[in-house]
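Peer 1: Dropping the structure in here first, questions after.
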Amino acid sequence: MPDTPGVSVCFPVYNEEQTLRAVLDDARTFLADSRIDYEILICDDGSTDETPAIIRAFAGEDARIRAWRHSRNQGIFATFEDLYAHAAKEFVFLNSTDEQWDTRILLDLLPLTAAADVVIASRRDKHYPPVRRAVSWAFNALPTLLFGVRTYDAGAVKLMRRDIITRCAIVSRSPFAEAERLIRAARLGYRIVDYPVDTKPRRGGQGHGADRRVMWGAVVDLVRVWVALH
């Protein structure tokens with residue numbers, strides 16, 4: 001795909017031994033055959049299972065894979081930001097390793113970058129229980145209500161122009177950072193679209209989106225962003 005932009009394919013990882021090997025093997029095979037100008041970045045957030053060994057094996061086999069490990073668990077916000085900071089290509093594709101999203105959706109998202117700077121692979125069905133579903137709805141409704149920016153599915157996999165990350169300094173310190181970055185990008189004139197996809201239920205790891213500490217952190221960050229932008 002010589003006419004497509006370069007992509008840093010990023011994987012945040014924490015205790016994903018159940019699915020990690022299959023996800024990485026599939027991503028590496030697909031990307032190597034795609035002719036996309038790519039790199040694979042893997043950040044292990046202090047896993048305590050066999051995840052580090054799996055990552056070491058993969059990173060040792062391919063020069064286009066860069067991997068590193070946090071000495072202790074720092075949380076999803078720090079892991080995302082670490083991956084963003086290391087990305088070197090024109091676009092960043094932040095995926096998961098729990099098999100919810102197939103890395104091959106990148107082929108559907110890349111053509112949309114001709115008219116968009118951020119493409120969100122929004123989930124048609126999030127496979128959430130009722131409480132988690134309500135939290136997710138609020139997480140995406142409040143930016144529209146308070147900032148006039150539609151974030152679609154801010155916690156979903158997305159393909160984003162890397163200069164958005166370098167230009168948009170954020171104040172959030174929780175997963176609300178993903179919504180804040182979209183809010184700031186929209187205010188700078190970047191074009192954001194969504195591409196609805198069918199995803200699978202989470203197979204590996206553990207979701208923390210409805211954790212009380214995470215939710216409280218998101219509320220605090222929402223106030224921080226409101227103050228910073230007003």
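Read the figures in this text as sums done on the coordinates, not as results from a lab. Predicted, not measured: the structure shown is a model, and the values here were computed from it. FYI the Cβ positions are ideal-geometry reconstructions off the backbone, even for glycines, and counts take in every protein chain you see.
Peer 1: Net charge near Arg72: determine it from the other residues with C-beta under 14 Å of the C-beta of Arg72, scoring Lys and Arg +1 and Asp and Glu -1.
Peer 2: -2
Peer 1: Using the basic label-point model (7 angstrom from Cα toward the beta carbon), what is the Val219 to Arg187 distance in nanometres?
Peer 2: Result for the modelled spin labels: 2.3 nm.
Peer 1: Can you give me the long-range amide H partners of Tyr38? Hydrogens built in the peptide plane at 1.01 Å from N, cutoff under 5 Å, separation of 5 or more residues or another chain.
Peer 2: Val7
Peer 1: Pick from Trp137, Trp68, Trp101 the residue whose mean-square fluctuation is largest in a GNM of the chain, springs joining Cα atoms under 10 Å.
Peer 2: Between Trp137, Trp68, Trp101, it is Trp137 that shows the largest mean-square fluctuation.
Peer 1: Can you give me the distance in nm between label points at Ala53 and Trp226, each placed 7 Å from the Cα along the Cα-to-Cβ direction?
Peer 2: The two pseudo-label positions are separated by 4.9 nm.
Peer 1: What are the ³J(HN,Hα) values, in whole Hz, obtained from phi via the Karplus relation 6.51 cos²θ - 1.76 cosθ + 1.60 with θ = phi - 60°, for each residue of segment 213-225 in sequence order, with x given for Gly and Pro?
Peer 2: Computed from phi, the couplings for segment 213-225 are 5, 5, 5, 5, x, 5, 5, 4, 5, 4, 5, 4, 5 Hz.
Peer 1: Given H placed on each backbone N at 1.01 Å, which residues far from Asp194 in sequence or on other chains put an amide H within less than 5 Å of it?
Peer 2: HN-HN under 5 Å from Asp194: Ile120.
Peer 1: Which whole-Hz couplings ³J(HN,Hα) result when phi for each residue of segment 66-79 is put into the Karplus expression 6.51 cos²θ - 1.76 cosθ + 1.60, θ = phi - 60°, listed in order with x for Gly and Pro?
Peer 2: Ordered by residue, 3J(HN,Hα) equals 10, 9, 8, 9, 6, 5, 9, 5, 10, x, 5, 4, 4, 5 Hz.
Peer 1: Given springs between every Cα pair under 10 Å in a Gaussian network model of the chain, which of Thr19, Thr166, Thr199 has the largest fluctuation?
Peer 2: Thr166
Peer 1: Using the eigenvalues of the Cα gyration tensor, what equivalent ellipsoid semi-axes result for segment 7-229 when each is taken as the square root of five times the eigenvalue, whole Å, largest first?
Peer 2: 26, 20, 17
Peer 1: At 222 nm, what value in deg cm²/dmol follows for the chain if DSSP H runs of at least 4 each add -39500 (n - 2.57) and the sum is divided by all its residues, to the nearest 500?
Peer 2: Calculated mean residue ellipticity at 222 nm is -12500 deg cm²/dmol.
Peer 1: Can you put His230, His86 in order of Cβ neighbours within 10 angstrom, beginning with the fewest?
Peer 2: His230, His86
Peer 1: For the chain, set up a GNM with springs between Cα atoms under 10 Å and report which of Ala53, Ala27, Ala177 has the largest fluctuation.
Peer 2: Sorting by GNM fluctuation, first place goes to Ala53.
Peer 1: Quick one: 3J(HN,Hα) in Hz for segment 170-181, Karplus 6.51/-1.76/1.60 with θ = phi - 60°, rounded, Gly and Pro as x.
Peer 2: Result, rounded to whole Hz: 10, 9, 5, 10, 10, x, 5, 4, 5, 6, 4, 5.
Peer 1: Calculate how many DSSP beta bridges within the chain are antiparallel, expressed in % of all such bridges and rounded to the nearest 5.
Peer 2: Roughly 25 percent of the beta bridges in the chain run antiparallel, per DSSP.
Peer 1: Given H placed 1.01 Å from N in the peptide plane, which residues other than close sequence neighbours of Cys10 have an amide H under 5 Å from its amide H?
Peer 2: Leu41, Phe93, Leu94, Asn95
Peer 1: On to the next question. Can you figure out the FRET efficiency of Ala114 with Leu146, using R₀ = 22 Å and their beta-carbon distance, to the nearest 0.05?
Peer 2: The computed FRET efficiency comes out at 0.10.
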